[in-house]
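**Student:** A single structure is presented below for examination.
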């Protein structure tokens, strides 16, 4: 088992990893920027090392500084969390080359899914359904226009690299595509260093449903059920739940087997998530594979009773999965909402100092947060300050518990999206399970 773990991340996910490490008796090392000197993850780790100034490119993306911190503290493993360097194949390889255990998949598996174009090609060969679209990168706007006519509008213009909706746009006509192509190409180049673009046929008002998988180093793989992540704004998830009210056992079986096939096709090891779009007729299409721990992993932990971070560490240490697919048990219903420091109407970041923070409590209520009263939310990092997760026996009971918890959630000093979350949860569409990706636009 890992003895000392450096967490190459910040905020709530760093605290989440520290919590499991304490339970397993693993020492922890935090890294921090100047802006995070007084952050909770720094105080809670056994050791902490400064890695640079506030801007993320000068701190949390500084591979050499992170590796130097691991050497200086005697860490034998690195957990990347999510975001930042978590899906950077070069970083994973640098960790391995430095003699560190990387808590995640092999670098080659990360690289295979790092390009959406290559990922589509791999999935096709593995027999996993993919959204109809271009076979490879689109050379220029003229080729994009020809393909769009062949496919029929609307289409999705997408960047091959990166994620988070950057470089992605729905396009419904030729004029919009002409404008969108160069703009999204430039954004992709600036954010990810690659301007490669491709086209997919737009699946109208789909569900965004993902399958959590675990693979050990001994050839065993299981899927732990689905998460419904359809409620999004600007292609960023806002509400996630498990199980999905839309799923049935046959669809889960087919999607679960497809997710395992996707993992096996790239030699996957550790925890991962295969994301799909599902249309109204229950046809599903591969979207991407997240080669890391997901933000929404707590809902799966609630319904399965498994600690996914613990299993990440155990698998990375060479242990075998101790259960088969038939032994995976799921019970009850869990819902997660992401709490952002942002204007709830304009959906723009709202940095500042949190003057008051009161979190809801009670059985089946979990708060994964990276802040406290007095914490400063800076403009340097993602504006998510935490996650509220609830669990109950049924979806109806979970919604009631979430409604009460949101009423008890108090944040002062900054704006948050709590009013938006309350509107979502109280809406008749949400309660009826009508949670397609156009939900917020319809609301």
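Please treat every number below as a calculation from the coordinates, not as lab data. Just so it is clear, the model here is predicted, and its values are computed rather than measured. Here the Cβ is made from the backbone with ideal geometry for all residues, glycine too, and neighbour counts use every protein chain on show.
**Student:** What is the Å³ per residue value for the convex hull set by the Cα atoms of region 4-103? Don't skip to the end; give the middle numbers.
**Tutor:** Details: hull volume 8.0 nm³, N = 100.
So the per-residue hull volume is 80 Å³.
**Student:** Based on the Cα atoms of region 366-435, what semi-axes does the equivalent ellipsoid have, where each is the square root of 5 times one gyration tensor eigenvalue, given in whole Å with the largest first?
**Tutor:** The equivalent ellipsoid of region 366-435 has semi-axes of 26, 13, 11 Å.
**Student:** Let me ask something additional. Work out, in µm²/s and without decimals, the Stokes-Einstein translational diffusion coefficient of region 302-351 at 25 °C, 0.890 mPa s, Rh from Kirkwood over C-alpha pairs.
**Tutor:** On the way: Rh = 14.5 Å.
Approximately 170 µm²/s, per Stokes-Einstein.
**Student:** Return the inverse of the average 1/r over all pairs of distinct C-alpha atoms in region 137-212, which is the Kirkwood hydrodynamic radius, in Å to one decimal.
**Tutor:** 12.6 Å
**Student:** Follow-up. Do the sum for the chain: with -39,500 (n - 2.57) for every DSSP H run of n ≥ 4, divided by all residues, what is the mean residue ellipticity at 222 nm, to the nearest 500 deg cm²/dmol?
**Tutor:** -10000 deg cm²/dmol
**Student:** Here's a follow-up. Of 323, 91, how do they rank once you tally other Cβ atoms within 10 Å and put the fewest first?
**Tutor:** By the 10 Å Cβ count, ascending, the order reads 323, 91.
**Student:** Here's a follow-up. What's the exposure ranking of 4, 158, going from fewest to most Cβ atoms within 10 Å? Walk me through the numbers on the way to the answer.
**Tutor:** Working: 4 17, 158 26.
So the residues, fewest neighbours to most, are 4, 158.
**Student:** Can you tell me the mean projection area, over all orientations, of the convex hull of the chain's alpha carbons? Units nm², please.
**Tutor:** On the way: hull surface 78.2 nm².
Computing the convex hull of the Cα atoms and averaging its projections yields 19.5 nm².
**Student:** Along the Cα-to-C-beta direction of residue 410, a point sits 7 Å from the Cα; which residues of region 360-404 have their amide N less than 12 Å from that point?
**Tutor:** Residues 360 qualify, since their backbone N sits under 12 Å from the label point.
**Student:** Compute the Cα gyration tensor for region 81-205, then decide on rounded, prolate or oblate, letting a ≥ b ≥ c be the square roots of its eigenvalues: rounded whenever a/c is under 1.5, prolate when a/b is larger than b/c in the other cases, and oblate in all that remain.
**Tutor:** prolate
**Student:** Then there is this: Can you give the alpha-carbon Rg of region 1-43 over 2.2 N^0.38 Å, where N counts its residues?
**Tutor:** On the way: Rg = 10.1 Å, N = 43, 2.2 N^0.38 = 9.2 Å.
Relative to the 2.2 N^0.38 Å estimate, region 1-43 comes out at 1.10.
**Student:** Here's something else I'd like to know. Could I get the Rg over Rh figure for region 115-274? Both from C-alpha atoms, Rh via Kirkwood, rounded to two places.
**Tutor:** Across region 115-274, the Cα-based Rg/Rh ratio is 0.99.
**Student:** Take the alpha carbon gyration tensor of region 207-442, find the square roots of its eigenvalues, order them as a ≥ b ≥ c, and report rounded if a/c is under 1.5; if not, report prolate when a/b exceeds b/c, else oblate.
**Tutor:** prolate
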